[in-house]
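Engineer: Please read through the structure below; I'll follow up with questions.
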Amino acid sequence: MTAFDFNGRHVFVAGGSSGINLGIADAFASHGASLSILGRSQDRLDAALAQLRAHGGRAEGHSADVRDAAAVSAALQRAHQQFGAIDVLVSGAAGNFLAPALGMSANGFKTVVDIDLLGSFNVLRGAHEFLRKPGALAISISASQAFVPTPFQAHVCAAKAGVDMLTRVLALEWGADGIRVNSIVPGPIEGTEGIRRLAPNDTERQRIAARVPLGRFGRVDEIAGIAMMLASPLGAYITGVVLPVDGGISLTGPRDFGAAWAATRHGS
Ligand code: HXC
Ligand code: NAP
């Protein structure tokens, strides 16, 4: 196993105050990086900062909504003043709920598209002037809904497909600056908010695990390790890639969250 060393590196994680994104931030902090994390809730940011600092990293938090381009740019500017040029940018803020398209208002659909897709654009576009050139890496956190049509997930499917196309376009546009742009596509990751929303009970979780070719949920550290690999010299020639880290579940076709949706509706 290669020893990762991110001493002196600045890692900015949008959505870094919980779950998979916090796991990614923590992995970089534990390997020497300075961390900037962005989210809406100050309480969640404070708890995450305590964790990151306890693991050895310098860390600062920025309360902002990724849907607000000006607020995101201001946070990126503050982070640049605090820790210098950004070496690794992670765009992972996302929202989700289960609903059929007919049970989703235009604003419900727009809300998720705005957080996931417009938010990613705001983070990536806003960060460009603060990224190290050459050498920076941008990672968007996608989901298999980007390429597996999934009932009750019309908003996420549309948004994450857009996120992955943004990855490919920016890899083309920013290659000349020496900036790499990739997507990581996590599979179902145990203990996360995403799974609590999509598989709210043991029956649903077992049903999903049985569909994973590797037969189990993934762990946050298995996503964080791939983010570090991409940011290390091992990943230096990888750009424009949409990389599933999912135990093979995206090979198995659409999931149906109908039972889980019905359970949320009937409060069972
Ligand atoms: C139908 C719903 C709904 C539901 C909200 N809406 N929940 N519609 N069914 N269950 C509608 C509302 O009625 C409203 O439309 C619109 O969505 C906006 O709702 P708000 O509550 O005002 O939005 P906001 O406060 O901005 O919150 C956004 C959110 C919220 C997405 C609704 O849940 C959130 O902040 N989530 C962040 C955390 C999260 O979701 N983490 C999981 C990411 S995991 P109207 O028309 O009434 O105004 C992920 C999974 C990947 O992405 C795959 C895993 C396998
Ligand atoms: P999570 O714990 O809910 O994390 C979401 C993070 O984004 C939080 O820090 C949240 O903080 C922040 N956020 C949400 N909306 C925001 C907004 N409008 N502006 C700024 N920050 C916002 O989610 P998770 O389950 O770990 O998922 C993380 C990422 O992995 C997402 O991109 C998700 O789509 C992807 N993913 C997850 C799974 C899974 O199994 N969980 C599978 C595939 C892909 P605030 O709420 O305080 O703002």
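The values are calculated or read from the model by the stated rules, or taken from the named source; none is laboratory data. Being a predicted model, the structure only gives us computed values, none of them experimental. Glycine also receives a Cβ, built like all others from the backbone with ideal geometry; neighbour counts cover every protein chain displayed. Surface areas here come from the heavy atoms of the whole protein model, side chains and all, with no ligands, DNA or RNA. Shrake-Rupley method; radii C 1.70, N 1.55, O 1.52, S 1.80 Å.
Engineer: Do you know which residues across the range 141-154 are within 12 Å of ligand 1 (Cβ to nearest atom) and either assigned to a loop (DSSP other than H, G, I, E, B) or within 15 Å of the chain's Cα centre (by Cα) (or both)? Write out each step before concluding.
Structural biologist: We begin by selecting, within the range 141-154, every residue within 12 Å of ligand 1 (Cβ to nearest atom); these are 141-146, 148, 150, 152-154.
Within the range 141-154, ILE141, SER142, ALA143, SER144, GLN145, ALA146, VAL148, THR150, PHE152, GLN153 qualify.
Engineer: Here is a follow-up. Answer yes or no: is there a residue in the range 44-56 that is modelled with pLDDT of 95 or more, in a loop (DSSP other than H, G, I, E, B) and open to solvent by 10 Å² or more (accessible area, probe 1.4 Å).
Structural biologist: No, every residue in the range 44-56 fails to be modelled with pLDDT of 95 or more, in a loop (DSSP other than H, G, I, E, B) and open to solvent by 10 Å² or more (accessible area, probe 1.4 Å).
Engineer: For the range 257-268, which positions are part of a loop (DSSP other than H, G, I, E, B) and surrounded by 12 or more Cβ atoms within 10 Å (Cβ to Cβ)?
Structural biologist: Residue satisfying the conditions is PHE257 alone.
Engineer: Taking the range 170-217 only, how many residues are more than 10 Å from ligand 1 (Cβ to nearest atom), within 20 Å of ASP246 (Cα to Cα) and charged (D, E, K, R)?
Structural biologist: Total meeting the criteria: 7.
Engineer: Can you tell me which of SER41, SER30, SER34, SER18 is open to solvent by 30 Å² or more (accessible area, probe 1.4 Å) and closer than 23 Å to PRO233 by Cβ? Working first, answer last.
Structural biologist: Details: SER41 fails: closer than 23 Å to PRO233 by Cβ; SER34 fails: open to solvent by 30 Å² or more (accessible area, probe 1.4 Å); SER18 fails: closer than 23 Å to PRO233 by Cβ.
Exactly one of SER41, SER30, SER34, SER18 is open to solvent by 30 Å² or more (accessible area, probe 1.4 Å) and closer than 23 Å to PRO233 by Cβ, namely SER30.
Engineer: All but one of (1) β-branched (Val, Ile, Thr); (2) assigned to a helix (DSSP H, G or I); (3) touching a residue at least 40 places away in the same chain (Cβ under 8 Å) hold for VAL181; which doesn't?
Structural biologist: It is condition (2) that VAL181 fails.
Engineer: Please give the number of the condition SER232 fails out of (1) in contact with a Phe, Trp or Tyr (Cβ under 6 Å, 6 or more places away or on another chain); (2) buried (at least 19 other Cβ atoms within 10 Å of the Cβ); (3) among the small types (Gly, Ala, Ser).
Structural biologist: It fails just one condition, (2).
Engineer: Looking at the structure I just gave you, is VAL241 within 16 Å of ligand 1 (Cβ to nearest atom), of a type in the set (Val, Ile, Thr) and open to solvent by 30 Å² or more (accessible area, probe 1.4 Å)? Break it down into steps so the answer makes sense when it comes.
Structural biologist: Details: within 16 Å of ligand 1 (Cβ to nearest atom): no; of a type in the set (Val, Ile, Thr): yes; open to solvent by 30 Å² or more (accessible area, probe 1.4 Å): yes.
Against the criterion (within 16 Å of ligand 1 (Cβ to nearest atom), of a type in the set (Val, Ile, Thr) and open to solvent by 30 Å² or more (accessible area, probe 1.4 Å)), VAL241 does not qualify.
Engineer: Inspect all residues belonging to the range 155-162 and state whether any of them is under 30 Å from GLY135 (Cβ atoms), more than 10 Å from ligand 1 (Cβ to nearest atom) and without any contact (Cβ under 8 Å) to a residue 60 or more places away in the chain.
Structural biologist: Checked against the condition, which is being under 30 Å from GLY135 (Cβ atoms), more than 10 Å from ligand 1 (Cβ to nearest atom) and without any contact (Cβ under 8 Å) to a residue 60 or more places away in the chain, the range 155-162 yields at least one hit.
For every residue, the table says whether it meets (1) buried (at least 16 other Cβ atoms within 10 Å of the Cβ); (2) more than 16 Å from the chain's Cα centre (by Cα); (3) over 22 Å from ASN182 (Cβ atoms).
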residue	(1), (2), (3)
ALA70	no, yes, yes
ALA79	yes, yes, no
ALA85	no, yes, no
ALA99	yes, yes, yes
GLY103	no, yes, yes
LEU118	yes, no, no
PHE121	yes, no, no
GLY126	yes, yes, no
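Engineer: Out of ALA70, ALA59, ALA54, ALA64, which single residue is out of contact with any Gly (no Cβ under 7 Å at 6 or more places or on another chain) and within 18 Å of ALA94 (Cβ to Cβ)? Even if it seems obvious, please write down each step before you answer.
Structural biologist: Values: ALA70 fails: within 18 Å of ALA94 (Cβ to Cβ); ALA59 fails: within 18 Å of ALA94 (Cβ to Cβ); ALA54 fails: within 18 Å of ALA94 (Cβ to Cβ).
Just a single option satisfies the conditions, and that option is ALA64.
Engineer: Checking ASP202 against (1) touching a Gly at 6+ places or on another chain (Cβ under 9 Å); (2) open to solvent by 60 Å² or more (accessible area, probe 1.4 Å), only one condition comes out false. Which one?
Structural biologist: Going through (1) touching a Gly at 6+ places or on another chain (Cβ under 9 Å); (2) open to solvent by 60 Å² or more (accessible area, probe 1.4 Å) one by one, ASP202 breaks only (1).
Engineer: Is it true that VAL212 is away from ligand 2 (no atom under 15 Å from the Cβ) and surrounded by 14 or more Cβ atoms within 10 Å (Cβ to Cβ)?
Structural biologist: no
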